[in-house]
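Undergrad: Next up is a structure, given as structure tokens.
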Amino acid sequence: MDKPRFRVKAGSSVVPASPAKRAFDAGRNSRRLRGLTTSTQAINAQIRSYGRTVLARSRYLAANNPYAAAAKETFVSALVGSGIKPSSLVAEPALKQAIQEAWRDWTDEADADGLTDLYGFQAIVAAEMFEAGECFVRIRPRRPEDGLSVPIQLQVLPAEMLPLDDNRSLPSGSRVEMGIEFDAIGRRVAYHFLRQHPGNDQVFGSFASRTTVVPAAEILHLFKPFRAGQIRGIPHTLSAIITAAIMDTYDDAELERKRTAALFGAFVTNPTPEEDVLKEGADAATADGVTGGVALEPGALVELDEGQDVKFAEPADVGGSYEAFQYRNLLRMAAGFGVPYSAMTGDLRQTSYGSIRAGLVEFRRRVEAMQHAVMVFQFCRPVWQRWMDEAALSLDLPLSLSDYLGRKADFQRVKWITPKWDWIDPLKDRQAEKIAVDEGWKARSDVIEAEGADPEETDARIAADQERGRNLEIRAKLKAASSPPAQQPVDPADDDGEDGETPAPKKEPSDGA
């Protein structure tokens, strides 16, 4: 225990000394933290300053680094998979069926570029989220003569289309910050997009630098905010970019070193350099089209002059630490990318059933949070609401416009079903689900939704299968009843009178026989 300290003033009594000031170690400029660079800039100021460079590096790594490319595919397949699909909560069965069928028809028309369906469009959005940390989707109204079932389509706009350097005040009192226009109370009013991608300047000239103002009601801005007040996204790869870039150059250097070491190099030393003793061999090699040494052939025996010696190149090996070094840094990279190490590298050598299960459970928990907070809330929900508005006006649904407008919230209620997770041990997992349902701890519909299916559609299909099976069974019974039974030959030796007749007694042989 520290002893109390005292100080004495002239002409006064002894008083306790004031305690020494203590600071948080993490806040002190000590030797250990002197090299740790920090910034008190707001997140939006940092995005304005470094966002364009960070985005360019992220896109480069996602295209050229094999581990980053694998992490991107893992992220996309986990986030959207085969698609996040809706299940309308309308109570009327006929109306719900009509809505679901109309939605399925429209998903093939949703992409304004005509490259994929709505669920493939979700994968494009997820890929942009990984590389750029954000994505813009424009809802484009269409004309009736375009021939669409519901006259709207979706267009994806990359992050570069909204310039980070567009920051100004408007005469109306609004402000434009990083391309987004806010009103006086901070609501998003419009987006000031470039007409062309800024990378097309060399082709389209000044036209690429022109902007167009799109109302905020037509734009879906998808991003995961990491800090309060953040208005633009940052790449999902941010914390792993430095590690991935350095490991990329290191692997290239190591690969080049191995290639150089594989080249069979030899040096002939000569104690009398004033004499050109290799001239004859060099001339022969030049005549054969070989330069830079003496021509060698398989199995050749080359005689050296007296005093000459041959020394082979022996580049230094990397040693036994290469695998351990790679493993640790790839773990660091996978943590930065937010994907499991085994999924990013395909390396399952150091995994067990328990470790890979625990790792995937945590990964799935993080992905599910992003599915509902970003993909469902920022993309699926507004698309469904806009589609329902247009469908009520353009489709021949069993629903009047007045009823829809009067109960709009009821008709727009929907439950989004995310793709199923493949189980590591299907037998044990399915047994656990069955026990939970049988004991009443879990609803059967929850199990079906976890499989990525709509419970009502699944029940309808099961009922149809059972009805079809019963019909087939009835037909089989009717066919069997109408057909005469097949006659089987009877062996007299096996006729024991079971058909109701008494078998004839066997004759015993007489003594005189």
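Undergrad: Please pick out the residue among VAL90, VAL76 that is surrounded by 10 or more Cβ atoms within 10 Å (Cβ to Cβ) and at pLDDT 95 or above.
TA: VAL76
Undergrad: So for the range 400-413 (the condition being surrounded by fewer than 17 Cβ atoms within 10 Å (Cβ to Cβ) and closer than 19 Å to ARG104 by Cβ), does at least one residue qualify?
TA: Yes - at least one qualifying residue is present in the range 400-413.
Undergrad: Scanning for something over 30 Å from LYS428 (Cβ atoms), part of a helix (DSSP H, G or I), at pLDDT 65 or above and among the polar types (S, T, N, Q), does the range 256-270 turn up at least one residue?
TA: yes
Undergrad: What are the pairs with Cβ atoms under 7 angstrom where one residue, in the range 330-349, is in a helix (DSSP H, G or I) and the other, located anywhere, is of a type in the set (S, T, N, Q) and open to solvent by 10 Å² or more (accessible area, probe 1.4 Å)? Sequence gap at least six, or different chains.
TA: From the range 330-349, the pairs are LEU330/THR345; ARG332/THR243; MET333/THR243; GLY336/SER239; GLY336/THR243; SER342/THR351; ALA343/THR74; MET344/THR74.
Undergrad: Is there a residue being open to solvent by 70 Å² or more (accessible area, probe 1.4 Å), touching a Phe, Trp or Tyr at 6+ places or on another chain (Cβ under 9 Å) and aliphatic (A, V, I, L, M) anywhere in the range 49-65?
TA: No, there is no match, as no residue in the range 49-65 is open to solvent by 70 Å² or more (accessible area, probe 1.4 Å), touching a Phe, Trp or Tyr at 6+ places or on another chain (Cβ under 9 Å) and aliphatic (A, V, I, L, M).
Undergrad: For the range 231-247, indicate whether the set of residues that are closer than 30 Å to VAL367 by Cβ, basic (Lys, Arg) and under 20 Å from the mean Cα position of the chain (by Cα) is non-empty.
TA: Within the range 231-247 (the criterion being closer than 30 Å to VAL367 by Cβ, basic (Lys, Arg) and under 20 Å from the mean Cα position of the chain (by Cα)), the answer is no, since none of the residues qualifies.
Undergrad: Return only the number of the condition from (1) within 20 Å of VAL156 (Cα to Cα); (2) open to solvent by less than 30 Å² (accessible area, probe 1.4 Å); (3) assigned to a loop (DSSP other than H, G, I, E, B) that LEU115 does not satisfy.
TA: (2)
Undergrad: Let me ask something else about it. If I go through the range 107-143 residue by residue, how many of them are hydrophobic (A, V, I, L, M, F, W, C) and within 14 Å of the chain's Cα centre (by Cα)?
TA: 9
Undergrad: Same structure, new question: So which pairs qualify, if the first residue must be in the range 391-402 and among the polar types (S, T, N, Q), the second must be open to solvent by 50 Å² or more (accessible area, probe 1.4 Å), the Cβ gap must be under 9 Å, and the two must be at least 6 apart or on different chains?
TA: As it stands, the answer is SER394/PRO144, since those pairs meet every condition given.
Undergrad: Residues being part of a helix (DSSP H, G or I) and either open to solvent by less than 70 Å² (accessible area, probe 1.4 Å) or small (Gly, Ala, Ser) (or both): count how many of those fall in the range 23-48.
TA: So the answer is 7.
Undergrad: Continuing with this model, one more query. Six or more apart or on different chains, Cβ under 6 Å: which pairs go from a residue in the range 95-111 that's farther than 13 Å from TRP387 by Cβ to one that's modelled with pLDDT of 95 or more and open to solvent by less than 10 Å² (accessible area, probe 1.4 Å)? Could you list them?
TA: What qualifies is ASP111/PHE121.
Undergrad: Please work out which residue is modelled with the highest pLDDT, limiting yourself to the range 304-329 and to residues that are in a helix (DSSP H, G or I) and open to solvent by less than 50 Å² (accessible area, probe 1.4 Å).
TA: In this case the residue turns out to be ASN329.
Undergrad: Now a separate question. If I ask for residues that are of a type outside the set (S, T, N, Q), under 26 Å from GLY359 (Cβ atoms) and in a loop (DSSP other than H, G, I, E, B), which ones from the range 75-112 would you list?
TA: VAL80, GLY81, GLY83, ILE84
Undergrad: Can you name the residue in the range 363-385 that is modelled with pLDDT under 95 and among the charged types (D, E, K, R) and, of all such residues, is least open to solvent (accessible area, probe 1.4 Å)?
TA: The extreme case among them is ARG364.
The values are calculated or read from the model by the stated rules, or taken from the named source; none is laboratory data. Computed from a predicted structure; not experimentally measured. Cβ coordinates were reconstructed from backbone atoms using ideal geometry, including for glycine residues, and neighbour counts include every protein chain displayed. Protein only, heavy atoms only, side chains kept; ligands, DNA and RNA dropped before computing areas. Shrake-Rupley method; radii C 1.70, N 1.55, O 1.52, S 1.80 Å.
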